Structure formats: structure tokens, C-alpha cells
């Protein structure tokens with residue numbers, strides 16, 4: 001049976017000289033793998049340039065419950081989430097692609113998650129001005145859909161964030177998974193910030209790097225990653 005779906009390309013793997021296996025997060029079926037044949041054929045309706053990472057595609061696809069590897073019959077629309085001549089945005093896109101790719105595993109639809117991803121990627125592409133804190137807000141807000149969004153119980157007394165417990169606690173910075181007061185306040189501010197005004201958060205480059213490493217530890221502690229994230233090293237060079 002054929003279905004019209006929207007999907008975000010997460011990864012493309014060469015299958016043969018003229019075929020690809022494409023991992024796509026779709027609005028109707030969750031994470032799907034598609035075998036795309038004849039991508040270099042002059043008569044093909046599905047060209048290889050459609051399958052760059054973080055392309056948003058309108059597709060006509062097969063869906064047969066007995067098979068994991070489906071096929072794409074037609075591409076009816078394509079939109080690229082990359083920013084020409086903007087290395088900072090493209091480094092963030094590259095990082096977000098790896099994070100999404102290593103955290104989404106379910107072949108179940110989640111319209112809320114799909115809309116969150118599309119909205120965030122679109123805001124990043126269109127945003128003017130500084131985007132230095134964008135990926136930090138994304139990483140925190142994304143945990144709402146992964147099931148371990150931090151408890152927003154930050155107070156004057158509970159001002160230390162415990163990465164293992166996912167909440168703010170009263171104890172001083174003694175345990176290995178506790179953040180200090182400054183880092184904890186940044187966590188709280190990022191939780192409550194919006195993508196559109198990410199530049200309003202006053203965070204130094206040194207603090208930003210430390211927060212990102214803490215967030216990746218937070219993901220590891222909550223078993224969200226299938227393997228380590230490496231593309232954050234690219235962000236540190238910007």
C-alpha cells in the first residue's frame with residue numbers, strides 16, 4: 001500500500017552503485033529505512049541529491065507491516081536544512097543530526113516529536129543574529145520527547161543540578177554528577193528559554209563548552225545514546 005508522508009533524512013548509506021539505504025524519521029511511521037534504487041538513472045523520480053542529511057521530504061512510500069525495508073516511490077517536495085555560507089549554523093546542524101540519529105530508535109509515530117524537530121530546524125535555518133546557544137536549548141528541550149526532561153524545581157535553596165537524578169538539589173557541589181551553582185543556573189535558564197531569543201542568555205564560551213559536555217553526560221546517564229557523540233568537537237572550534 002502507498003502512503004503520502006513527510007520525513008527528515010537522518011542517514012544515507014550506499015547499498016550498491018545505483019542504490020541507497022536511507023534512514024528517515026517520518027510523521028506517520030516513526031523511524032523508517034528505505035531502499036532507493038536507480039538514484040543515478042536519468043528516468044528516476046528519486047535522485048540521490050534528495051537524500052542529504054536533514055532534508056525534509058514529501059514522499060510517496062510503501063508500507064508493508066511484514067517488511068522492515070520499505071521503498072520510496074516518489075518525492076513530491078524537498079527542503080534542505082542547511083545554511084549556505086554560514087559555517088556556524090551548519091556545524092550546529094551537523095551536531096543536531098548526529099544527536100537525533102543516535103537517539104531515535106522507535107518505529108512508532110510521534111507527531112509531537114516530529115513537529116518539534118521540524119520547528120527547531122526551521123527556526124535555526126531562518127534565525128538572524130547569534131545562534132551560539134541554540135544547540136544547548138535544543139538538547140534540553142529534546143529530552144521532553146525522550147522521557148527525561150529535568151524537573152524544574154530550581155530555588156534559592158535547591159540550586160545544584162544533579163545530572164543522575166534530573167533535578168535540582170540542596171546539597172553542595174560534592175558528588176561527581178552535581179553541577180556547581182553557576183552551571184545549574186544556566187541549566188535552569190536554558191530549560192525556560194525559547195529558540196527565538198537564545199542569544200539573550202549570557203553564557204561565556206568556556207561555560208558553553210562545559211554545559212554541552214554536561215548535557216552529553218546527562219544523556220549518557222539516562223541511557224539515551226546508542227554511541228558517543230563526536231561532532232561536538234566541531235562546535236568547540238567555532
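The values are calculated or read from the model by the stated rules, or taken from the named source; none is laboratory data. Keep in mind that what you see is a predicted model, and the values were worked out from it rather than measured. Methodologically, a virtual Cβ is constructed for each residue, glycine included, from the backbone with ideal geometry; neighbour enumeration extends over all protein chains shown.
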State whether the residues of region 186-203 include one that is in contact with a helix residue (DSSP H, G or I) (Cβ under 6 Å, 6 or more places away or on another chain), surrounded by 13 or more Cβ atoms within 10 Å (Cβ to Cβ), free of Cβ contacts under 8 Å to residues at least 40 places away in the same chain and farther than 21 Å from residue 99 by Cβ. no
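Could you tell me how many of the residues in region 169-194 are outside any loop (DSSP other than H, G, I, E, B) and either at pLDDT 95 or above or under 21 Å from residue 209 (Cβ atoms) (or both)? Can you show your working first?
Start the filter on region 169-194 by keeping residues that are outside any loop (DSSP other than H, G, I, E, B), which leaves 169, 178, 181-191.
After this cut, where a residue has to be either at pLDDT 95 or above or under 21 Å from residue 209 (Cβ atoms) (or both) as well, the list is 178, 181-191.
So the count comes out to 12.
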Go through region 152-166 and count every residue that is free of Cβ contacts under 8 Å to residues at least 40 places away in the same chain, within 28 Å of the chain's Cα centre (by Cα) and exposed (fewer than 15 other Cβ atoms within 10 Å of the Cβ). 2
Could you say whether any residue in region 77-85 is closer than 24 Å to residue 146 by Cβ and touching a helix residue (DSSP H, G or I) at 6+ places or on another chain (Cβ under 6 Å)? yes
What residue, among those in region 19-63 that are farther than 22 Å from residue 97 by Cα and touching a helix residue (DSSP H, G or I) at 6+ places or on another chain (Cβ under 9 Å), is modelled with the lowest pLDDT? 40
I need a count of the residues in region 210-238 that are assigned to a helix (DSSP H, G or I) and either touching a residue at least 40 places away in the same chain (Cβ under 8 Å) or surrounded by 14 or more Cβ atoms within 10 Å (Cβ to Cβ) (or both). 13
So residue 82 passes all but one of these: (1) within 18 Å of residue 109 (Cα to Cα); (2) at pLDDT 80 or above; (3) not in a strand (DSSP E or B). Which condition number does it fail? (1)
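Can we say residue 206 is loosely packed, with under 11 Cβ neighbours inside 10 Å and modelled with pLDDT of 90 or more?
Numbers: loosely packed, with under 11 Cβ neighbours inside 10 Å: yes; modelled with pLDDT of 90 or more: yes.
Considered against the rule, which asks whether it is loosely packed, with under 11 Cβ neighbours inside 10 Å and modelled with pLDDT of 90 or more, residue 206 comes out as yes.
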